[in-house]
Amino acid sequence: MGGVLVLVEPDGGVESSAVALAFGRVIAGGLGELLGAAAIGPVADGADDALPALAGGHGATHVHHVRHPLLDDYSPECWGEALAQLVAHTEPRAVISPATARGTEVMAQAAARADLPLATNCLTVSPDSRAWQLSRIRQGGMLIEDAELTAGVVMMTIAAGAVPPDDAGPTAVSTSGTAQVVSYTPEFDTSFVHSRVVDRSAQESGVSLTTARVVVSGGRGVGGAEGFLPLEELAKLTGGAVGCSRVATNNGWRPHRDQVGQTGSKVNPDLYIACGISGATQHWVGCMGAKHILAVNTDPDAPLVTRATHAVIGDVAEVIPAVVEEIHRRARRT
Amino acid sequence: MRIMVCVKRVPASGGAPQLTEDGRGIDTRHLSFTVGPHEECAIEEAVQLVERFGGSVTVLTVGPAEAEEQLRFAISLGADHGILVEAGPDEVDPQATAFALTEAIRDGEAASGAPFDLIMFGNESPDAGHYQVGVRVACALGRPIVGGVKGIDVDPDAGRVRFRRDTPGGAEVFEAALPAAVAVREGLNLPRYPSMRGRLRARKAEITELRPHVPAGGLRRIRLRVPEQQRPETVVLGHGASAAPAVVDLLEELEVV
Ligand SMILES: Cc1cc2nc3c(=O)[nH]c(=O)nc-3n(C[C@H](O)[C@H](O)[C@H](O)COP(=O)(O)OP(=O)(O)OC[C@H]3O[C@@H](n4cnc5c(N)ncnc54)[C@H](O)[C@@H]3O)c2cc1C
C-alpha cells in the first residue's frame, strides 16, 4: 500500500497542519510515494470543502476522513485507536502530524497501540532505507538531538516553528488543488476503555499572554505580589499582558497561567520586558521568540541582560514606576 | 486510594547545558538533579488525594542507581514507597522506559491483587521531552489517560475521575472510570517543601530495586547539539529611574504606547 500519511486538524490547526503537509510532500516526493492526509471526527458545519482543499492544496491526492459515533467529540483513546486502525489498513511508510497538544496525544496513542516508535518535535527528517535520520527539540528548545528511527512505519510529529525542507519536486502529487475524500470507519468494541469530554469552556477575555504584542514579565526581583502592580500598569498602557518567572509562581505571587518558560507558555511578542528575572535557560526558551527584549535588572551580568537587545541596570521598584510616570507625562503634554 | 507516581531524574541547572566532548550527552559531573516541575505537581496531588481519601502513594522511576535520590525526595514530600528500576547510566528510549514501568506496575498490582486507582505521570520530561511514556504505559495496562491536565477531581465511591486541561481556546473537562492514568502539568497545585519529619522518614525508607531485562525501542539518540542563536549587542538604555525617558523612546519607536 505505502504512501505518506499526514494527520491534519482542519479546525484550529490549519497552519501547523500545512507545515506538516509540506514536510510530508517532500518526504513522499523523495520516496516516490503518494501523499495522503487523514482527519478524524466531524468537520465544522459548512466546512466540508475545507478538508480536501487543505490537503489537496499541499499536494495530497486523497484524504481519509475517519468517522464513527465514538469520534464525534474528542477522546484521546478513541482517536488514537482510530488512527492505529487506519495505519494498519493503509500501511503507509510514514505518519506525520503537527506537534500540537492534540496531534501529539493522538500520535502517542496510535504509536502505543500499534507498538511503533514515535519521534516528537522533529525539526528535520531524512528517509533512509535502514534508519531514518532526524533531529528533534529537547529541553524546550535549548538543545537539538540528532537521532535514528528504525520502524516498520515511521511516526513523527513536526515541531512548531520547524521550516519545511525545499520541495524536491515530488513525483505524484495532486495538481488539481483538491484531494479526493475517502471515508474510513474504524471498529470499536462495546467495552473500549476511553475518556470523554463532559465540559468545555471558552477563555476569559483580556489580552492573552501567547498573542500579546508586549509582555511585561516579573521574577524574584519584583519582591512580592504587590510588586507586580507597576508591571500591570505598564502592561495596561502598552496593551500588553503580564508574565512571570517560575519563582513568582512558586511563591504564589502570580497564577501559573502567567508563567513564561519551558513549563509555562512560550511567548512571541514584539517586546518582552523582563523585570528582575535572571534568565535561566528554562525561562529563556519561553521568551527567546520575542523580537526585542528589555531586561531590567540590578545585575549587569545577569544572563538575561547579556542576551537582551536592551537593558536598564537598576531596581525594578524604581525603574518601572518611573517609566509609567514618563508615559503619563508625555500623554499630558500632547 | 492507591496511587502510583512515575518520575524521572533530570538535571536541575538553569545554566546553558554543557555537552560531553563526544557530544553524545550532557556533562553532568557538576550538576545537581531533580524531578521535573510537572512531576513535582504529580507527587503533591497524589499526597493530597491520599490525605483526603486514605490509601498510599508509591513513586516509581526508571534510571541510574542515583535516581534513588529523587525517590527519597518524593518520600520526604509524603509518598510512602519507592521503586527503582535500575537501567544504568545511559538514557533509556521512551518505548523501553514504558516497558520497564509497565512491568513494575504489573508486579505491584499482582502482589496486592488490585490495580492502582490512579497512575500519574508528568506531561513530558524536561530533558528528553518525548510526550509519550505515560500514554504507552496506560495503553499497555488498558487504562484511560488524559494529558496536559491541570485539575483533578476524583470520586472514589463512584469509581470516577474528572480531568481538566487548558486548550488553545479555553479549557476542557474529561471524565474516565477508575482505574485510570493521567499526565499532569505544572500549575495543577503549588507543591510543598519537604518537612524535617519527611526528610528523616525519607532517609530511613526502604527502596525496592528491580533489574529487569528491557528491550530497546526504535528511537536511538546519536548526539546532542546546541542550536545556533544570534547574540545581539545589548544596548544599555541607562541606570535606575533616570533611564525612563530612553525606555519610553523605545516604546514609542516600537509603537506600543
Ligand atoms: C525542569 C525545570 C523547568 C523550569 N521551568 C521554568 C519555567 O517555565 N519558567 C521559569 O521562569 N523558570 C523555570 N524554571 C526555573 C529556572 O531554572 C529559574 O529558577 C527561574 O527562572 C528563576 O526565576 P527568576 O529569574 O525570577 O529568579 P532568580 O534566578 O533568583 O533571578 C532574580 C533576578 O532578579 C534580579 N534582581 C533582584 N532584585 C532586583 C531588583 N530589586 N530589581 C531588579 N532586579 C533584581 C537579580 O539580579 C536576578 O538576576 C525551571 C527549572 C527546571 C529545573
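What relative contact order, as a whole-number percentage, does chain A give when Cα pairs under 8 Å and 6 or more residues apart are counted?
Here the relative contact order equals 15 percent.
Where both residues lie in chain B, what percent of DSSP beta bridges are antiparallel, nearest 5? Write down the numbers at each step before the final one.
Working: 17 of 44 bridges.
Restricted to chain B, the bridges split so that about 40 percent are antiparallel.
Can you tell me which lysines have their Cα less than 30 Å from the Cα of B:K204? Leave out same-chain residues fewer than eight positions away.
Filter leaves B:K8.
Per-residue ellipticity at 222 nm for the protein assembly as shown, helices alone: DSSP H runs ≥ 4 residues times -39500 (n - 2.57), over residue total, nearest 500 deg cm²/dmol?
-9000 deg cm²/dmol
Which of A:V106, A:S16, A:A235 sits closest to the plus end of the dipole of chain A, meaning its Cα is farthest towards the positive end, when Lys and Arg get +1 and Asp and Glu get -1 on the C-beta?
Working it through, the farthest residue towards the positive pole turns out to be A:A235.
Determine which lysines satisfy two conditions relative to A:K291: a Cα distance under 23 Å, and not lying fewer than 8 residues away in the same chain.
Result set, ordered by chain and number: A:K236, A:K266.
Which distance in Å, rounded to a whole number, links the C-alpha centroids of the stretch A:73-107 and the stretch B:23-86?
The two parts, judged by their Cα centres, are 31 Å apart.
Write down the percent of antiparallel bridges among all DSSP beta bridges whose residues are both part of chain A, to the nearest 5.
20
Explain nothing, just the number: relative contact order of the stretch A:235-334, from Cα pairs under 8 Å at least 6 residues apart, as a whole percent.
Relative contact order for the stretch A:235-334 comes out at 19 percent.
Counting DSSP beta bridges in the protein assembly as shown, what percent are antiparallel, to the nearest 5?
Working: 40 of 115 bridges.
Counting only bridges with both partners in the protein assembly as shown, antiparallel ones make up about 35 percent.
Step through the residues of the stretch A:129-137 one at a time and calculate ³J(HN,Hα) from phi using the Karplus curve (6.51 cos²θ - 1.76 cosθ + 1.60, θ = phi - 60°), rounding each to whole Hz and writing x for Gly and Pro.
5, 8, 10, 6, 9, 8, 10, 9, 6
How charged is the neighbourhood of A:R330? Take every other residue with its Cβ under 12 Å from the Cβ of A:R330, and add Lys/Arg as +1 and Asp/Glu as -1.
-1
Got a sec to turn the phi values of the stretch A:86-101 into Karplus ³J(HN,Hα) couplings, 6.51 cos²θ - 1.76 cosθ + 1.60 with θ = phi - 60°, whole Hz, x for Gly and Pro?
5, 5, 5, 6, 9, 6, x, 6, 8, 10, 10, 9, x, 7, 6, 4
For the protein assembly as shown, rounded, prolate or oblate, judged on the Cα gyration tensor with a ≥ b ≥ c (square roots of eigenvalues), a/c < 1.5 rounded, else prolate if a/b > b/c?
The shape class here is oblate.
Report the A-B buried area as the accessible area lost on both sides summed, probe 1.4 Å, in Å² to the nearest 100.
6700
Is the shape of chain A rounded, prolate or oblate, going by the alpha carbon gyration tensor and its root eigenvalues a ≥ b ≥ c, with a/c under 1.5 for rounded and a/b larger than b/c for prolate? Can you show the working numbers first?
Working: a/c = 2.34, a/b = 2.04, b/c = 1.15.
Since a/c reaches 1.5 and a/b is larger than b/c, the shape of chain A is classed as prolate.
I want to verify a result. In a Gaussian network model of chain B, Cα cutoff 10 Å, which of these has the top mean-square fluctuation: B:A104, B:A243, B:A176?
B:A243
Quick one: net charge of B:S13's neighbours, Cβ under 15 Å, K/R +1, D/E -1? Could the numbers behind the result be given before it?
Working: positive: A:R138, A:R246, B:R9, B:R29; negative: B:D27, B:D127.
Local charge sum for B:S13: +2.
Please list 3J(HN,Hα) in residue order for the stretch B:157-167, calculated via the Karplus relation 6.51 cos²θ - 1.76 cosθ + 1.60 where θ = phi - 60°; whole Hz, with x for glycine and proline.
For the stretch B:157-167, the Karplus-derived couplings read 5, 7, x, 9, 9, 10, 10, 10, 9, 7, 10 Hz, x marking Gly and Pro.
Of B:V235, B:V161, B:V59, which is the most mobile in a GNM of chain B whose springs link Cα atoms less than 10 angstrom apart?
B:V235
Over all residues in A:291-301, what is the mean tally of Cβ atoms on other chains that come within 10 Å of each residue's Cβ?
Numbers: counts 1, 6, 2, 7, 2, 3, 0, 2, 0, 3, 0.
Shielding by partners across A:291-301 averages 2.
Between B:R220 and B:E255, what FRET efficiency comes out of the Förster formula 1/(1 + (r/R0)^6) with R0 = 60 Å and r the beta carbon distance, rounded to 0.05?
0.75
Hey, can you grab everything whose amide H is under 5 Å from the amide H of A:G243? Only 5+ residues off in sequence or another chain; H modelled, so Pro and N-termini drop out.
For A:G243, whose amide H was placed from the backbone, the distant partners under 5 Å are A:V216, A:S217, A:G218.
For B:G187, what residues show an amide H to amide H distance below 5 Å, using hydrogens built from the backbone and excluding near sequence neighbours?
none
For the pair B:T167 and B:H30, what calculated FRET efficiency results from E = 1/(1 + (r/R0)^6), where r is the Cβ-Cβ distance and R0 = 30 Å, to the nearest 0.05?
Numbers: r = 40 Å, r/R0 = 1.34.
E between B:H30 and B:T167, to the nearest 0.05, is 0.15.
With a/c under 1.5 counting as rounded, go ahead and sort the stretch A:214-332 into rounded, prolate or oblate using the C-alpha gyration tensor (a ≥ b ≥ c being the square roots of the eigenvalues; past the cut-off, prolate if a/b is larger than b/c, else oblate). Can you show the working numbers first?
Numbers: a/c = 1.40, a/b = 1.29, b/c = 1.09.
Rounded.
Just grab the label-to-label distance for A:D166 and A:T150, each label 7 Å out from Cα along the Cβ direction, in nm (one decimal).
About 3.2 nm, to one decimal.
Nearest 0.05, what FRET efficiency do A:R333 and A:K236 give at R0 = 30 Å with Cβ-Cβ as r?
On the way: r = 20 Å, r/R0 = 0.66.
Efficiency at R0 = 30 Å is approximately 0.90.
Test of understanding: in a Gaussian network model of chain A with alpha carbons linked when under 10 Å, which of A:A50, A:A110, A:A159 would top the mean-square fluctuation ranking?
A:A50
Within the set of other residues whose C-beta is less than 15 Å from the C-beta of B:F33, count the net charge using Lys and Arg as +1 and Asp and Glu as -1.
Residues close to B:F33 contribute a combined charge of -4.
Among all helices in chain B defined by DSSP H, which have a length of 18 Å or more along the axis from Cα atoms plus a Kyte-Doolittle mean of at least -0.5?
Sorted by number, the helices that extend far enough and score high enough are B:37-53, B:94-112.
At a threshold of 8 angstrom on Cα-Cα distance, excluding pairs fewer than six apart, so keeping six or more, what relative contact order does chain B reach in percent?
Worked out over chain B, it gives 24 percent.
Quick check: the distance between the Cα centres of the stretch A:234-304 and the stretch B:176-192, to the nearest angstrom?
Taking the Cα centre of each part, the stretch A:234-304 and the stretch B:176-192 sit 26 Å apart.
The values are calculated or read from the model by the stated rules, or taken from the named source; none is laboratory data. Keep in mind the model is a prediction, meaning the values are calculated, not measured. Cβ coordinates were reconstructed from backbone atoms using ideal geometry, including for glycine residues, and neighbour counts include every protein chain displayed. Keep in mind that these areas ignore ligands, DNA and RNA; they rest on the heavy atoms of the full protein, side chains included. Shrake-Rupley method; radii C 1.70, N 1.55, O 1.52, S 1.80 Å.
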